[in-house]
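Every number in this text was worked out from the coordinates using simple rules, so none of it is lab data. Just so we're clear, the structure is a prediction, and the values are computed from it rather than from any experiment. Here the Cβ positions follow ideal geometry from the backbone for every residue, glycine too, while neighbour counts run over all protein chains shown.
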Amino acid sequence: MLRNGAAGGGPAAGGRAAARPVRVWCDGCYDMVHYGHSNQLRQARAMGDYLIVGVHTDEEIAKHKGPPVFTQEERYKMVQAIKWVDEIAPGAPYVTTLETLDKYNCDFCVHGDDITLTIDGKDTYEEVKAAGRYRECKRTQGVSTTDLVGRMLLMTKAHHSNICSTDIGHVDFLEKVHQLAEKPYIIAGLHFDQEVNRYKGKNYPIMNIHERTLSVLACRYVSEVVIGAPYAVTADLLDHFRVTLVCHGMTEVVPDKDGSDPYEEPKRRGIFQLVDSGSNLTTDLIVQRIIKNRLEFEARNQKKEAKELAVLEAMRRLEEEKH
Ligand code: CTP
């Protein structure tokens, strides 16, 4: 169990001050964590006072769904970085049982309004539903892991890209920036899509400005976002937000349209810092994982199909022998 320092435990609004805090359980794969996931966790947290999120292992996901793109360690980290999560439970079972809810002392579990099935076609929430310890929240339309995988596969020609555009790299970067100050207040400036496309090319950005805003706002290390921040960090911007430090990761700083350095002003003021996230996960690496997974998945399905055909053939032969 990994506990976050912030929030949790306190009574929810609505006059339950003396009552025991309501403990809420969520579980899932949380692969390629996106704002649909954080929106689910935000809704779930609002139903109680303390949120525990069970994240499945790679093995468990591979068994029921096919191999995940991100490893369990990466997925644990990304879920833990979501600001509405009080605690994560690594290696939670795929099927949600009363035993699990009791083990973590949770009152009920919350899942989006879609049905999740096991490999045998059983509803994974059957037991908790029957016991009345199941609540539903709205699934976020227009985003899913599969959809993001599709968007990323459009990038297969980006072999030379070394730009880290994945959530895990961002989480590591923001965490490092957060550690730089005693009382950090992090403002993330997000560039409009056209601007991102100018300096990253290809089909970047993978997520549009609204999606990126939601994703970044869900990160516990971020206090504020500026939607459509100017590419050059100007004196006006620094003064307006009373900025004391400007950080950039180890990715290349592409010059502005007129060839100037976008960090000229913060550098002049001596408040610019390069921060190494320590993450070397590039878009290209993730795309490679997706392709590898897909091949493995197809091979596994073919094997399964061959096995099923062999059984059918054996049955047919048995029938023939009987007659
Ligand atoms: N979820 C959601 N909105 C989405 C995607 C997921 O509310 N757009 C919710 C699911 O309903 C579930 C939780 O996030 O309660 C965890 O989902 P997960 O196990 O990761 O798998 P999926 O539901 O398959 O998510 P995805 O389609 O993105 O793979």
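Tabulated values for the structure
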read-out: Compactness of segment 95-145 as Cα Rg over 2.2 N^0.38 Å, two decimals; value: 1.21
read-out: Karplus-derived HN-Hα couplings along segment 242-252 (A = 6.51, B = -1.76, C = 1.60, θ = phi - 60°), whole Hz, x at Gly and Pro; value: 6, 6, 10, 8, 10, 10, 9, x, 8, 6, 4
read-out: Förster radius 56 Å - calculated FRET efficiency between S260 and R20, Cβ distance, rounded to 0.05; value: 0.45
read-out: Angle in degrees between helix 35-46 and the longest Cα principal axis of the chain, rounded to the nearest 10; value: 80
read-out: Mean Cβ neighbour count within 10 Å, used as a protection proxy, ranking 285-293, 253-261 highest first; value: 285-293, 253-261
read-out: Built amide H within the under 5 Å cut-off of V225, gap 5+; value: A188
read-out: Whichever lysines have a C-alpha closer than 23 Å to that of K176, once near sequence neighbours (fewer than 8 apart) are set aside; value: K77, K83, K267
read-out: Cβ-based exposure ranking for C26, C106, in which fewest neighbours within 10 Å come first; value: C106, C26
read-out: Residues L285 and E319, FRET efficiency given R0 of 45 Å [Cβ-Cβ distance, rounded to 0.05]; value: 0.30
read-out: Per residue Cα convex hull volume in Å³ - calculated over segment 34-159; value: 121
read-out: Cα-based radius of gyration of segment 183-247 once divided by 2.2 N^0.38 Å, which approximates compact folds; value: 1.16
read-out: Whether segment 198-284 is rounded, prolate or oblate, judged on the alpha carbon gyration tensor where a/c under 1.5 counts as rounded; value: rounded
read-out: Relative contact order, percent, the chain [alpha-carbon distance under 8 Å, six or more residues apart]; value: 17
read-out: Integer Hz, Karplus 6.51/-1.76/1.60 couplings in order for segment 57-73, x for Gly and Pro; value: 6, 4, 4, 5, 5, 4, 5, 9, 10, x, x, x, 7, 9, 6, 4, 4
read-out: Share of pairwise Cα separations in segment 62-122, more than 16 Å, in percent; value: 59
read-out: Computed E for D236/N197 - FRET, C-beta separation, R0 30 angstrom, nearest 0.05; value: 0.75
read-out: Convex hull volume per residue in cubic angstrom - Cα atoms of the chain; value: 165
read-out: Residue order, fewest to most surrounding Cβ atoms within 10 angstrom, among M47, M315, M78; value: M315, M47, M78
read-out: Size of charge dipole - the chain - debye, nearest 20, with Cβ of Lys, Arg +1 and Asp, Glu -1, no other charges; value: 260
